[in-house]
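Every read-out reported here was derived from the displayed coordinates using simple, explicitly stated rules and does not represent laboratory data. Model, not experiment: these values are computed from the prediction. We place every Cβ from the backbone using ideal geometry, glycine too, and count neighbours over all the protein chains shown.
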């Protein structure tokens, strides 16, 4: 199911992923979900290969939420296909586990240097997620949106206001 048209409405920041440059970061929005609004199972929970990858790591698969704001990836829908990573001309995304091989829940409130892989086939396994670590570099081409099989990505410049309000940096024009 596509990421909500009105994202991030109804969600709140549940974590922050910092860029090691000390300036850039993006929020993780939640709560996450095991089921979509229509009652169907969220894609990452319905995909048997993703479920098996969590089991192989002895990790509990839990709802994660949405990573990023202007470039938002619904980690509960992401099946680690990598099409977004391959399509992005400015390497906004990285496989987060290729930089820090930790459970996604531990990635919230971590700092990443952006040195993880931006190569489609370099993911650790299907528990890995495409993270918009360089969200600030997005050129709004929408290539990632158009190729994501579960439609887990939303790119929307107007979400900068939601980001700034959550960061408490919003100034009314």
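Mind listing whichever residues of segment 111-161 are under 17 Å from residue 95 (Cβ atoms) and outside any loop (DSSP other than H, G, I, E, B)?
111, 112, 120, 121, 122, 130, 131, 135, 137, 144, 147, 153
Which numbered condition trips up residue 127, out of (1) within 21 Å of residue 61 (Cβ to Cβ); (2) surrounded by fewer than 18 Cβ atoms within 10 Å (Cβ to Cβ)?
Condition not satisfied by residue 127: (2).
Give me the pairs, please: first residue somewhere in segment 83-104 and without any contact (Cβ under 8 Å) to a residue 60 or more places away in the chain, second residue anywhere and buried (at least 23 other Cβ atoms within 10 Å of the Cβ) and assigned to a helix (DSSP H, G or I), beta-carbon distance under 6 Å, and either six or more positions apart or on two chains.
Final answer for the pair search is 88/144; 93/84; 93/85.
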